[in-house]
Every structure is written in structure tokens, then in C-alpha cells.
Amino acid sequence: MKKSRFFGWQNVFAFTFKQLLKNKTNIILMAIMFVLALAMLPVMTIFNGDSGKEKTTNIEKLIIVDETDLDLKSWLDVSSMEGDVAKPAKVEFTTEKYDEEKLDLNSEENRNTGLVSVKYDNANKTFMFSGVYGAKGKVNESEVNAVCTLISENFNRQLSKSRNISEDKLEYLSAETVSETIKYDPDKDTAAEENTNKGPRINSGEYTLCITVLCIVIMLVSMSGEQVASAVLQEKASKLVEFLLTSVKPLALLIGKVLAVFVVSLLDILVMVAGFCGSALINRLLFPGSGLGLFDTIGKALSSMGGAEGAVELNPMMVPIGVLLILGGVLFYAVLAALAGACVSRIEELTEGMKLFSAVMIIGAYFGMFVCMMDMNSRAPQMARNIALFAPLCSPVLTPSYLVFGEIGAAEGLLSLGILIVSIALMFWFASYVYESMIYHKGTPLKIKDIVELFKKERSEKNE
């Protein structure tokens, strides 16, 4: 009875999986990642001084130099400003420019005094906030910078209130303006001829999310790809694969090996995630008021991504599709790495064999990043955007982010996932023809042209 091309892949998977779990290098890597993740949040809290204790400052008196015509003393209130900054106990206003001879910030009586100068720059149409502190005083640079930032971030809001402008009206005044030009032709579809100069598709927070996901995908692809290629080459060099091919088909051998390394790579990431969750819980126990617990950390990360003008609103319903796209991308590149490992005959040649794998991975990542950057600055061309969202080399690094923050819908996400699944199946189908010949190959590393010739030869022989 003729064996199926998939017969025996489970045995190959189990064998490879056990060998990888016993690998000392992999065990050490898992341990290091877990320890680093476990210590991350408590260390960040200690170094940032955000241990939950009430914030204090050495600035006992703050002098604000008003170099504008807005009479800051009548409406600028530092004590009511919003911000996670310790505020000085006493605030004084003056319209006289700072003179170090009249006000010596290094003297004993002014050692706890800081100064902020506010002026309007007519050339650039901006308000300038400049902090001054004494080199020999008790006030340090970070404290003055913090107060300057606090005042600058709250300045427009308090100025608007002093002029009886509500928050809603202020939002309209600060809104971005866009222009649109439409060419009208009675003989053509106006919508098709629309030429727009609209604003960006994504904001800075969404861009940061895209780059974060891209880095995670590249890390997963690199780790799994290197392990797959190394496992294939080690068996090839030891001639163990020749024995295996007597009992299982090349496709079953490839599937078992790729899936084993894929699962181990996922375990590495799960260990790191578990360490991060433990870190958040430990941080909450050690510093209850730090605001860096598990869910608080996620909230703060999203807020920092968006900033004042780049809030990120996530759609949890799209997360499963995004995760499947990432996992599919890792699997797609793992098959490519297996072929790269089979191209060479010796361990010393692995770097040469991985050049194609690395080149393809970099092209996919950089193209996705390029489209993302264009969408943040203006709008990427539709053709380039479609390639980045649907081509299997790029879709795992960009489509998950665009799905989660709502730039594309579920239909587009599922279409991208479907194309990726078909591409993975085609990669396995292609590999099933050339993998056996590549495994038996000895000598110089195979090139793309050689692999294509092998595919044509094997396919013609099997068809006959």
C-alpha cells in the first residue's frame, strides 16, 4: 500500500520537539528571557522614581517671568495644572527680564528657587518656555524641565479659559485642516478622478503600534527561522536524514520539523509574556501606588503611544485575526528557512544559505514600514498599500496593526489571512518536490536558479 505524503510527520514533530526542548542553549535563552521580563517593571519603577510615594521637588519658590502681553499673573495657575509633577509651594510673577546680578540663584536665600521665562516668538509664531536654575543650588535640571513641560502643556488650556473659550471650541480651533480637489468631467466617473490631499491615515500612536508589532514579528521570524535551518542542516550533515527518508516522505519530514521549531519559538515568547505578567504583579505588590500593574501598564503604554494628538483605540474583536496573521507569517518564513538550510552542506556555510531568507525578511519588513510611514505623513499610494496588506511577505508585519486599530475591516483582514494560508500551502507543495534532492545535495550552496531547476526536474519525473 502506497504511503501518504504526510505519513509520519507526527513522529518527526515529536522527535524534533523533544530534542529542541533538551537543547541547553534554548533552555538558557528561555531562562534569561524570563528573568529579564520578570525584573523589567520593578527596575523601571525604581529608576524612574515612580514608586508610588508622593512626589516632591526642591523648587520651593518658582518665579515666572512674563515677557508676553497676556498678563499671565491674572490667569496662569500652576497649582491647578494637570500633570504627574510635583508643584512648587510658592509661585511669583514678574515682568522684568532675568538678570543674574539682581537674582542670584546660587545664593543661600535662592538655592531652592527656580525660574521659568515665558515669551512669544513672532518669527515662529510659538510660545517659548525657558527654565533657569542655579548650578550651586539645590534645584536640579530635571525638576526645572518638569515644571517647564507642565506649564507648556497646560498653557493653551488655561489661556482659552481666560478668554472664555470652552474645551469643545478649543478642539475645533486646534483641529487639522485638509484640502480636497475633484476634477469634474461629465464623460467620466467623478469619483474615479478624485484627487485628494487629505490628512494622514494613521496618527503617531498607531504608527508606534505598527512598529512594535513589526519588531515582534521580526523577532519571531528570526528565532524560528534560525532554529529550523540549523535543525535541517545538522541532520543533513550527520546523515541522519538519509535514514529518516527511508520511512517518511520528504513533505512529512519538512512539516514535522517546521512545526516543531515553530511551537518551540512560540514557547519562548509565552515564557517572556509570563515573565512580564509576573513582573507586573510583583510591581503592584512592591509599589502599590506606582500605577504600573498589569492592566495599568497596558493603559499607560497605549497613552504614551498616542500622546496628545495620537490616541489609539483598539478593537478587541480583530485581535484573533491579527494573531493568526502573525502566526501564519512565522510559519511561512519557517518553510523558507528550511529550504535555506537544505541548500548548504556544512555548518560553516549556513550564513551563506540564510542570505536569501534574510533578504526576503528584510524586504517584507521594510516595505511594510515604508507604507506605514507614508500613511502617517500623508497617504501611501493605493497599490503600495494593497501589496503591504495582502502580499504574504509583508502582511504579517502590517495587517495585524491596521486591523486592530480599525484602519481596515474584518473582510480585508480575512482576505489577507486567506492569501497567506494559500501561500503557506504553496510553499509546502513547492518544497515537497525539491526538499529531497536538496537534502542529498553535497557541494557548493544552491542558488535560486538551481532550486527552480530541481523543482522542474522533480515535477516532470513524478508526472511521468
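Just a few scattered comments:
- Some residue of segment 238-253 being basic (Lys, Arg), closer than 24 Å to residue 222 by Cα and either at pLDDT 80 or above or in a loop (DSSP other than H, G, I, E, B) (or both): no
- Restricting attention to segment 138-150, the residues that are free of Cβ contacts under 8 Å to residues at least 60 places away in the same chain and not hydrophobic (A, V, I, L, M, F, W, C) add up to 3.
- Checking residue 202 against (1) modelled with pLDDT under 70; (2) in a loop (DSSP other than H, G, I, E, B); (3) touching an Asp or Glu at 6+ places or on another chain (Cβ under 6 Å), the condition it does not meet: (1)
- Single condition residue 419 does not satisfy, out of (1) modelled with pLDDT of 70 or more; (2) more than 29 Å from the chain's Cα centre (by Cα): (2)
- Taken over segment 392-415, the criterion of being free of Cβ contacts under 8 Å to residues at least 24 places away in the same chain and either of a type in the set (S, T, N, Q) or outside any helix (DSSP H, G or I) (or both) is satisfied by 408, 409.
- The residue pairs whose first member lies in segment 372-384 and is surrounded by fewer than 13 Cβ atoms within 10 Å (Cβ to Cβ), whose second member is assigned to a helix (DSSP H, G or I), and whose beta carbons are closer than 7 Å, counting only pairs six or more residues apart or on different chains, do not exist in this structure.
The values are calculated or read from the model by the stated rules, or taken from the named source; none is laboratory data. Not measured: the values here are computed from a predicted model. When we count neighbours, we look across all protein chains shown, and the Cβ atoms used for this are built from the backbone with ideal geometry, even at glycine.
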